[in-house]
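Read through the structure below, which is laid out as structure tokens, and then see the notes.
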Amino acid sequence: LKVTLIASTRLEQTASDGFEVDEWLTDPNGTYYNKGEIDHLEEFAGRACYQSWNRPNINTAYNDAYMAHILQVGHESVLEHATAAFYIEGVTRTLTHELVRHRHLSYSQKSQRYVDESEAEFTIPADLMEFSDTLWGAQLIHRMHRHHDDAKRLYADIDAALRERKLGTKRSRGAARAVLPGNVHTSIVVSGNMRAWRDFMRKRWHVAAEREIRELAGIILSELRSIAANTFQDIPEVPFGSE
Ligand SMILES: Cc1cc2nc3c(=O)[nH]c(=O)nc-3n(C[C@H](O)[C@H](O)[C@H](O)COP(=O)(O)OP(=O)(O)OC[C@H]3O[C@@H](n4cnc5c(N)ncnc54)[C@H](O)[C@@H]3O)c2cc1C
């Protein structure tokens, strides 16, 4: 499992009209601007609603408090202006089947019809790997490895047989992939705005979520915190639903 932050929204300093952006973006320590461009874009959007550029409320004068208030009252449309995109590698197709259910995120996934899968890799489920030092656990893992090898051989045979009959690779691989199990690896680009990412966290950074996607959510959450700490300040450090 590898997660790479490949793009995120940058705030242009020229975004305001009649507003001292530099002053607004600099806290008493003089370092606010670089800490969270996304957080400040969202604050900008919120202040545009009320034209409260001069920060009339001392309690929400700085970005962390301003964003805490935005999140508390559910004024989440301001979070839609900023986006982040990730390239996710080495996750299972089972995971991405769950991931793509989140309709406000956007996806570009490796094509199994186009890309050869004869050297595909597979994940042994973590809940089984935990028992790898028991006899029964080791035996089941060994059987899974054999199952993967069989699947790859059958995949290659179907692909070769259909290509020999001039079906073309898209059709031959489209048929051959039927034998690949759900834990075959895939890669996918996922992007979305901060509101959509927060919604994803509420559902998948949760003890009820399946283990692999929960682990992915945790990695993405820490990346999102690094570019928009105040936007995710109310998301817990441990999954929702933990004691
Ligand atoms: C623990 C867990 C178990 C699950 N088990 C299953 C399962 O067994 N079977 C299964 O099929 N799925 C299952 N799912 C998937 C789940 O049903 C959702 O499809 C998935 O979590 C995405 O949630 P969503 O539809 O709320 O999100 P999104 O598609 O990201 O939508 C976000 C929000 O936008 C709004 N919205 C989006 N589209 C519409 C619409 N058409 N109409 C009205 N409002 C809309 C809703 O408020 C929604 O919550 C499970 C999810 C979890 C977290």
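The values are calculated or read from the model by the stated rules, or taken from the named source; none is laboratory data. Keep in mind the model is a prediction, meaning the values are calculated, not measured. Virtual Cβ from ideal backbone geometry, glycine too; neighbours counted across all protein chains shown.
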Handout entry: Residue satisfying condition, being more than 27 Å from ILE38 (Cβ to Cβ), at pLDDT 95 or above and within 14 Å of the ligand (Cβ to nearest atom), within set ARG211, ARG204, ARG198
Key = ARG211
Problem - SER191 being away from the ligand (no atom under 11 Å from the Cβ), farther than 30 Å from LYS152 by Cβ and assigned to a helix (DSSP H, G or I) - result: no
Practice task
Select from region 75-104 the residues that are within 15 Å of the ligand (Cβ to nearest atom) and closer than 19 Å to SER226 by Cβ and write down the one among them that is surrounded by the fewest Cβ atoms within 10 Å (Cβ to Cβ).
Solution key: THR83
Handout entry: Yes/no for SER242 being under 19 Å from ALA82 (Cβ atoms), without any contact (Cβ under 8 Å) to a residue 40 or more places away in the chain, away from the ligand (no atom under 11 Å from the Cβ) and not β-branched (Val, Ile, Thr)
Key = no
Practice task
Please list, ordered by first then second residue, the pairs with beta carbon atoms under 9 Å, 6 or more apart or interchain, first in region 93-121 and closer than 16 Å to ARG204 by Cα and part of a loop (DSSP other than H, G, I, E, B), second more than 16 Å from the ligand (Cβ to nearest atom) and at pLDDT 95 or above.
Solution key: VAL100/GLN109
Handout entry: Given (1) over 18 Å from TYR87 (Cβ atoms); (2) more than 16 Å from the ligand (Cβ to nearest atom); (3) touching a strand residue (DSSP E or B) at 6+ places or on another chain (Cβ under 7 Å), index of the condition GLY182 fails
Key = (2)
Problem - Selection from region 158-175 of residues that are buried (at least 17 other Cβ atoms within 10 Å of the Cβ) and farther than 29 Å from THR4 by Cβ - result: ILE158, ASP159, LEU162, SER172
